[in-house]
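Asker: Shown below is the structure under consideration.
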Amino acid sequence: MTLRTVLGRRAGRRTPLALSAVAALAIALLGAAPAPARAAAHEASAHTAAAPLVAAKRAPGAPDLGPNAYVFDPSMAVSQIQATVDAVAAQQLANQFGTQRYALLFKPGTYGTAAEPLNFQVGYYTEVAGLGRDPGDVVINGSVDVYNQCDNGNCIALNNFWRSLSNLTIHVTNPDAGCYTGEFWAVSQAAPMRRVHVDGNTTLMDYCTGPSFASGGFIADSQFTGGTVVNGSQQQFYVRSSDLDGWSNSVWNQVFSGDLGAPAECFECAPATYYTTFATTPVTREKPYLYVTDAGQWRVFVPATQREARGTTWAAGSTPGHSRPLSDFYVARPGDSIATINNQLSRGRDLLLTPGVYDVPRTIDVKRADTVVLGLGLATLTAQGGATAVSVADVPGVDLAGFTVDAGPVTSPTLVRLGKAHGNNHRDDPRDPTALQDVFFRIGGPHAGRAETSLEVNSSNVLLDDIWAWRADHGTGVGWTENTARTGVVVNGDDVTATGLFVEHYQGFQVIWNGERGSVTFFQSELPYDVPSQAAWRSSPTTDGFAAVKVADDVRSFQGAGMGTYSFFNQGVDVFADHAYEVPTRAGVRLHDLLTIFLDPANGSGGIRHVVNDTGGSSTIANPDVPVTVVDYP
């Protein structure tokens, strides 16, 4: 979801609560009063010249994680830390397609006080993470916030991508913030919150400036105490394996799996209510993370696979799993040759990508079982010369986490490939699945980019946890014949599980699923905006458009739930997709809680004729911004 969508759609947007009512609800729940002066100051801060960054702070004993990794120690003065994080924010708040990447890392201890809290904003390409073994080991008295971006009187969160917050506790402390009292995390795609305990009021919508649209997001393994989480204007959101202290409202597609305190399942059982709720998350593995032991050793913790997970992994003690010394990792920096990285991987080392942008003219080959590739500061790999950026052999237990992969100007066949195509020598292990957590793909946006497929999964027993594959609809190198990309995700392996799958704007099927016993919990997709004509966008001579999800005709077992697909065609001609979802009709293939929506009646055209196969009504200009639903198929 982007700025271009919302500016045209503002007048016609329909939600279960008018935005003024949502703001009033949020203020009532959070107990805050409006503060116009603060709102005006915030709007100006996102668009002023960036302040010069202070030199990187590295706490005593910290390893060298590159010039853009800041390691804080509780012995540092709050004012010193505040100056550093504010300088990073000033540069990154409006830096949507810049090359700077930052990690703000907090060693175990307490930061800020009631008298001098630590309150700061998180901009693009900024990771904020605690370095404790458990979230309670790092405590911030203050807030770590994401607000609306304001431009020409429109203040929205629809473009608040590419940032993260993890592995710490926030005791919300900002009593003089006026309307901004509370923890504000107004984000959209590719902005995960993991392993966070927020003690105090939390809102996922910045209701202090309008129109306040938001379209995210992802929360996992987190706990909220001291107040209801305000969903507000978040059009869709996925919360997994967490502990909630209430949830304010739904808009279109709110999905919960394995959450304590989640809303009860209610998908159109009440007016304008769209909750999909599961008691457990059947299988998942949390993202690896960097931490410091009590003895000062730097290690990476690799959480264990969880079955039928409910609540946080750390509720009854430390998260199960194992840790590895940082010395087991090759600590890479931008500019390192791929030959060097591959040599280190072949010697049995894991890989830590420090913050920055890496040119990848040849494939990074991961050949060893249980290898961990972990990015800091949303490190970015850019495919060059048509390369596949990362390839994983047919081995179990590999973990790819916390980085972004960009296509380059020469078409890549894939950006990330797991297992050999059509391979019959898979050595997967259901007890030790390969996992991708917070791995994001871009075709265009920061620069020209092309790829046939972003992610190809040939291995079996793979977990996909918070994936955003995005063919850019704004930025540099954007256009139907410029940032070409046929498919976002292709799954050929069996027993592949996706929890939090976001795939948008590809020119063919967004997702093709050929494997058996696949499962998707929460899916969000927008069809391409820039289709030039119906003739240019047909999946067969008799089928208009391409479905967002195509499950192959010979698949005998597949499950999907909490799936939303939106259309917005902006070329001034009627363009239709006959189906949002195409699946074989048989007992083993089941879909639950599906919806489609037509966006922007002022500027859009065409629409989606059916929800799944030929079932479900149409979403067109006749019913804009209104979900068209199918609760169960077949």
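Here, each number is a calculation from the coordinates, and none is a lab measurement. Note that the structure is a prediction, hence the values are computed from the model and not measured. Reconstructed Cβ throughout: ideal geometry from the backbone, glycine too, with neighbour counts over all protein chains shown.
Asker: Give the relative contact order (percent, whole number) for the stretch 284-410; include only Cα pairs under 8 Å separated by 6+ residues. Don't jump to the answer; show the numbers that get you there.
Answerer: Values: 271 pairs, mean separation 23.3, N = 127.
It rounds to 18 percent for the stretch 284-410.
Asker: In nm, what is the difference between 0.36 nm times the number of residues separating residue 427 and residue 538 and their Cα-Cα distance? Please list the in-between numbers first.
Answerer: Values: separation 111, 0.36 × 111 = 39.96 nm, distance 3.76 nm.
Length gained, residue 427 through residue 538: 36.2 nm.
Asker: Roughly how far apart, in whole Å, are the Cα centres of the stretch 235-255 and the stretch 362-436?
Answerer: 30 Å
Asker: For the stretch 371-384, what does the Karplus curve 6.51 cos²θ - 1.76 cosθ + 1.60, with θ = phi - 60°, yield as ³J(HN,Hα) per residue in whole Hz, taken in order and with x for Gly and Pro?
Answerer: Karplus values, whole Hz, x for Gly and Pro: 5, 10, 10, 10, x, 10, x, 6, 3, 10, 9, 10, 5, 10.
Asker: Roughly how big is the chain's charge dipole about its Cα centre, with Cβ charges of +1 (Lys, Arg) and -1 (Asp, Glu), in debye to the nearest 20?
Answerer: Details: 42 positive and 59 negative charges, 162 e Å.
The calculated dipole for the chain is roughly 780 debye.
Asker: Is the stretch 454-581 rounded, prolate or oblate when judged by the Cα gyration tensor, a ≥ b ≥ c being the square roots of its eigenvalues, rounded requiring a/c under 1.5 and prolate requiring a/b larger than b/c?
Answerer: Details: a/c = 2.05, a/b = 1.58, b/c = 1.30.
Since a/c reaches 1.5 and a/b is larger than b/c, the shape of the stretch 454-581 is classed as prolate.
Asker: Work out the FRET efficiency for residue 573 and residue 265 from their Cβ-Cβ distance, taking R0 = 35 Å, and round it to the nearest 0.05. Mind dumping the intermediate values first?
Answerer: Values: r = 40 Å, r/R0 = 1.13.
E(calc), rounded to 0.05, equals 0.30.
Asker: Hey, what number do you get for the chain at 222 nm if only DSSP H runs of n ≥ 4 count, each worth -39500 (n - 2.57), divided across all residues, to the nearest 500? Show your work: numbers first, answer last.
Answerer: Working: 5 runs with 53 residues, N = 634.
-2500 deg cm²/dmol, from helical runs alone.
Asker: Run the count for the chain, please: Lys pairs, Cα-Cα under 29 angstrom, 8 or more apart or on different chains.
Answerer: On the way: 57/107; 57/287; 107/287; 287/367; 287/420; 287/550; 367/420; 420/550.
Close lysine pairs under the 29 Å cut-off: 8.
Asker: Whole Å is fine, so just give me how far the alpha carbon centre of the stretch 444-471 lies from that of the stretch 586-634.
Answerer: Using only Cα atoms to place each centre, the spacing works out to 25 Å.
Asker: Could you give me the ³J(HN,Hα) list for the stretch 197-211, computed from phi with Karplus coefficients 6.51, -1.76, 1.60 and θ = phi - 60°, whole Hz, x at Gly and Pro?
Answerer: With coefficients 6.51, -1.76 and 1.60, one gets 10, 9, 9, x, 6, 10, 10, 9, 10, 8, 8, 7, 9, x, x Hz.
Asker: Sticking with this one: Would you order 195, 349 from fewest to most other beta-carbon atoms within 10 Å of each residue's own beta-carbon? Don't skip to the answer; put the middle values down first.
Answerer: Numbers: 195 27, 349 18.
The order, fewest Cβ neighbours first, is 349, 195.
Asker: Okay, next question. How high is the relative contact order of the stretch 322-633? Use alpha-carbon pairs under 8 Å, at least six apart in sequence, and give a whole percent.
Answerer: On the way: 995 pairs, mean separation 28.7, N = 312.
Relative contact order, the stretch 322-633: 9 percent.
Asker: Check which residues have an amide H placed less than 5 Å from residue 128's amide H, if you skip close sequence neighbours.
Answerer: Amide H neighbours of residue 128: 104, 164, 165, 166.
Asker: Could you go through the stretch 430-438 in sequence order and give the Karplus-derived ³J(HN,Hα) for each residue, using 6.51 cos²θ - 1.76 cosθ + 1.60 with θ = phi - 60°, rounded to whole Hz, and x for Gly and Pro?
Answerer: Each residue's phi maps through the Karplus curve to give x, 7, 9, x, 6, 9, 10, 10, 6 Hz.
Asker: Residues with amide H under 5 Å of residue 227's amide H, sequence separation 5 or more or different chain, H placed in the peptide plane at 1.01 Å from N; which?
Answerer: The answer is 200.
Asker: Sticking with this one: Given H placed on each backbone N at 1.01 Å, which residues far from residue 233 in sequence or on other chains put an amide H within less than 5 Å of it?
Answerer: For residue 233, whose amide H was placed from the backbone, there are no distant partners under 5 Å.
Asker: Compute from the Cα atoms of the chain the Rg and the Dmax, the latter being the longest Cα-Cα distance, and quote both in angstrom.
Answerer: Considering the chain through its Cα atoms, Rg and Dmax are 22.6, 68 Å.
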